[in-house]
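What follows is calculated from the coordinates using simple rules that are stated; it is not laboratory data. None of the values given here were measured: they were computed from a predicted structure. Ideal geometry is used to build each Cβ from the backbone, glycine not excepted, and the neighbour counts take in all protein chains shown.
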């Protein structure tokens with residue numbers, strides 16, 4: 001008896017479950033980055049903290065919790081920027097978990113590159 005068709009259905013179930021799990025993990029990470037960004041933004045905006053506290057937080061995490069990765073200075077600034085970019089857009093905010101962190105960082109890179117190119121062209125004149 002040929003089980004290949006049945007086996008392929010099982011493989012499809014496995015692959016679908018893996019994809020769903022990755023999507024859920026991505027949603028949780030995006031929510032985490034959003035919440036950390038909001039926390040930092042709120043504290044800095046309310047003058048409870050200064051901008052330099054992000055450096056202090058990064059150092060605190062790396063020294064006291066070295067197993068936690070991705071919360072270096074640049075990562076924390078990007079989390080804050082991520083929150084501040086989308087916080088006021090009522091349409092975008094619920095959809096934020098649908099984009100990947102990589103996609104957000106690439107969009108920031110592209111926006112910054114475009115701004116740099118436009119500024120460079122402007123300065124040439």
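Worth pointing out:
- Placing a pseudo-label 7 Å from each Cα along the Cα-to-Cβ vector at residue 89 and residue 11 gives an inter-label distance of 3.9 nm.
- Residue 29/residue 3 FRET efficiency (R0 30 Å; Cβ-Cβ; nearest 0.05): 0.20
- A simple spin-label model places pseudo-atoms 7 Å from Cα toward Cβ; at residue 18 and residue 52 they are separated by 4.9 nm.
- A simple packing score, the average count of other Cβ atoms within 10 Å per residue, orders the peptides 59-72, 32-45 as 32-45, 59-72, with the highest score first.
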